[in-house]
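Data first, discussion second: the structure below is written as structure tokens.
The values are calculated or read from the model by the stated rules, or taken from the named source; none is laboratory data. Since the structure is predicted, the reported quantities are computational estimates derived from the model, not experimental observations. Don't worry about glycine lacking a Cβ; one is built from the backbone with ideal geometry, like all the others, and counts go over all protein chains shown. Heavy atoms of the whole protein, side chains included, go into the accessibility calculation; ligands, DNA and RNA do not. Shrake-Rupley method; radii C 1.70, N 1.55, O 1.52, S 1.80 Å.
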Amino acid sequence: MLLKFTKMHGLGNDFVVVDAVSRKVFFNKQQIERLSDRNWGIGFDQLLVVEPPMNPDMDFRYRIYNSDGSEVEHCGNGARCFAKFVLDRELTNKRIINVETKRGAIQLRVLDGGLVTVDMGEPSFAPEDLPFTAEPCDGLYSVMAGDTEYFITPVSVGNPHAVIKVDQLIDSEVANIGALIECHERFPRKVNVGFMQVVSPDEINLRVFERGVGETQACGTGACAAVVAGIKQGWLSPKVTAHLRGGDLHIEWQGEGLPILMTGPAEKVFEGQIYL
Ligand SMILES: N[C@H](CCC[C@H](N)C(=O)O)C(=O)O
């Protein structure tokens with residue numbers, strides 16, 4: 001089967017995006033792993049599959065798969081690229097787009113100049129919402145990674161995140177500790193691991209070791225999780241600029257019961273086709 005696709009990225013977090021509105025497309029785990037391979041396939045962090053909505057009040061549904069083939073609930077950078085994709089392909093002419101995801105409904109607002117603001121929904125700090133095996137507590141949670149104790153804030157943004165506040169961002173720590181905590185037994189569905197350096201109450205540096213991928217150039221849900229964790233712990237203000245390796249995201253959260261708003265760019269790199 002000939003598969004047409006568009007290669008895109010949000011701050012270097014890269015995607016293959018497929019239009020399954022015009023024609024249904026299904027992928028099995030092996031196909032996704034092969035297509036994501038940067039030597040044997042196209043190469044991507046996540047595959048985004050755009051489908052018609054199940055709920056007629058919504059505009060689209062889109063499904064998100066990590067490079068290891070696992071289907072996930074939410075993808076912040078992917079949501080912005082999705083919005084650009086459906087407008088560029090004239091699948092819609094709306095600038096406010098309502099989308100079904102595995103995590104629930106999200107709303108995308110396409111701004112002039114190519115930026116997109118995503119209503120990412122409300123966060124949850126309840127361990128069972130990640131899931132994370134722990135008794136609920138107000139402060140930080142202790143997790144052993146190897147023979148070192150780390151203090152995390154567990155956050156669900158629809159997908160699970162463990163946020164670690166660090167004084168310095170160290171390559172080996174992101175790679176080694178990220179991999180250990182991603183697959184830690186207390187996260188039955190694994191977890192995305194964020195390493196956050198607080199620069200000021202409205203500015204952080206962030207690196208994310210993503211579940212099912214490894215470290216990416218940027219992680220939208222990771223930036224949301226880090227900011228709301230920082231606000232909850234009293235380190236950050238309601239509006240924060242997150243500096244990721246690939247660039248900046250603007251995150252806003254006004255507190256419990258309110259959604260997180262994330263604003264950032266979306267880029268198209270090329271269109272291609274490949275025989276599945
Ligand atoms: N790896 C994530 C999904 C992609 C999230 C990330 N690419 C983003 O921009 O939010 C997970 O397994 O939950």
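Checking the conditions here, which among 118, 193 is closer than 21 Å to residue 57 by Cβ, open to solvent by less than 10 Å² (accessible area, probe 1.4 Å) and within 12 Å of the ligand (Cβ to nearest atom)? Walk me through it before giving the result.
Working: 193 fails: closer than 21 Å to residue 57 by Cβ.
Matching residue, one of 118, 193: 118.
Any idea which of 223, 242, 229, 218 is in contact with a Phe, Trp or Tyr (Cβ under 9 Å, 6 or more places away or on another chain) and in contact (Cβ under 8 Å) with a residue 12 or more places away in the chain? Spell out the reasoning first.
Values: 223 fails: in contact with a Phe, Trp or Tyr (Cβ under 9 Å, 6 or more places away or on another chain); 242 fails: in contact with a Phe, Trp or Tyr (Cβ under 9 Å, 6 or more places away or on another chain); 218 fails: in contact with a Phe, Trp or Tyr (Cβ under 9 Å, 6 or more places away or on another chain).
Going through 223, 242, 229, 218 in turn, the sole match is 229.
Restricting to the stretch 131-169, give me the number of residues that are without any contact (Cβ under 8 Å) to a residue 40 or more places away in the chain and touching a Cys at 6+ places or on another chain (Cβ under 6 Å).
Count: 0.
Yes or no, residue by residue, for (1) within 13 Å of the ligand (Cβ to nearest atom); (2) aliphatic (A, V, I, L, M); (3) buried (at least 24 other Cβ atoms within 10 Å of the Cβ):
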{"site": "10", "(1), (2), (3)": "yes, no, yes"}
{"site": "13", "(1), (2), (3)": "yes, no, yes"}
{"site": "33", "(1), (2), (3)": "no, no, no"}
{"site": "63", "(1), (2), (3)": "yes, no, no"}
{"site": "76", "(1), (2), (3)": "yes, no, yes"}
{"site": "79", "(1), (2), (3)": "yes, yes, yes"}
{"site": "89", "(1), (2), (3)": "no, no, no"}
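Look through the stretch 35-58, keep the residues that are touching a helix residue (DSSP H, G or I) at 6+ places or on another chain (Cβ under 8 Å) and open to solvent by 30 Å² or more (accessible area, probe 1.4 Å), and return whichever of them is farthest from the ligand (Cβ to nearest atom).
40
Among the numbered conditions (1) in the same structural domain as residue 232 (by TED's automatic domain parsing); (2) within 26 Å of residue 70 (Cα to Cα); (3) hydroxyl-bearing (Ser, Thr, Tyr); (4) crowded, with 20+ Cβ neighbours inside 10 Å, tell me where residue 133 comes up short.
With (1) in the same structural domain as residue 232 (by TED's automatic domain parsing); (2) within 26 Å of residue 70 (Cα to Cα); (3) hydroxyl-bearing (Ser, Thr, Tyr); (4) crowded, with 20+ Cβ neighbours inside 10 Å applied to residue 133, the lone miss is (4).
Condition first: open to solvent by 50 Å² or more (accessible area, probe 1.4 Å) and at pLDDT below 95. Can you find one or more residues in the stretch 269-276 that meet it?
Yes, the stretch 269-276 contains at least one residue that is open to solvent by 50 Å² or more (accessible area, probe 1.4 Å) and at pLDDT below 95.
Among the residues of the stretch 164-179, how many are open to solvent by 10 Å² or more (accessible area, probe 1.4 Å) and either under 29 Å from residue 63 (Cβ atoms) or hydroxyl-bearing (Ser, Thr, Tyr) (or both)? Quick ask: steps written out before the conclusion?
Quick first cut of the stretch 164-179, residues open to solvent by 10 Å² or more (accessible area, probe 1.4 Å) only: 165-173, 175-177, 179.
Now narrow it down to the ones that are either under 29 Å from residue 63 (Cβ atoms) or hydroxyl-bearing (Ser, Thr, Tyr) (or both): 172, 175, 179.
Counting residues in the stretch 164-179 that are open to solvent by 10 Å² or more (accessible area, probe 1.4 Å) and either under 29 Å from residue 63 (Cβ atoms) or hydroxyl-bearing (Ser, Thr, Tyr) (or both) gives 3.
Consider residue 29 against the criteria (1) open to solvent by 10 Å² or more (accessible area, probe 1.4 Å); (2) under 24 Å from residue 246 (Cα atoms); (3) within 16 Å of the ligand (Cβ to nearest atom): it satisfies all of them except one. Which criterion is unmet?
(2) is the only condition that residue 29 fails.
Under 23 Å from residue 218 (Cα atoms), in contact with an Asp or Glu (Cβ under 6 Å, 6 or more places away or on another chain) and within 12 Å of the ligand (Cβ to nearest atom): does that describe residue 69? If you could, list the steps in order and put the result at the bottom.
On the way: under 23 Å from residue 218 (Cα atoms): yes; in contact with an Asp or Glu (Cβ under 6 Å, 6 or more places away or on another chain): yes; within 12 Å of the ligand (Cβ to nearest atom): yes.
Criteria met by residue 69.
Please state which of the following conditions residue 104 fails to meet, knowing it meets all the rest: (1) under 16 Å from the mean Cα position of the chain (by Cα); (2) modelled with pLDDT of 95 or more; (3) not aliphatic (A, V, I, L, M).
Only one criterion in (1) under 16 Å from the mean Cα position of the chain (by Cα); (2) modelled with pLDDT of 95 or more; (3) not aliphatic (A, V, I, L, M) is unmet by residue 104, namely (2).
State whether one or more residues within the stretch 99-110 are touching a residue at least 60 places away in the same chain (Cβ under 8 Å), assigned by TED's automatic domain parsing to the domain that holds residue 37 and either in contact with a Gly (Cβ under 9 Å, 6 or more places away or on another chain) or surrounded by fewer than 17 Cβ atoms within 10 Å (Cβ to Cβ) (or both).
Narrowing the stretch 99-110 to residues touching a residue at least 60 places away in the same chain (Cβ under 8 Å): none.
No, that holds for no residue.
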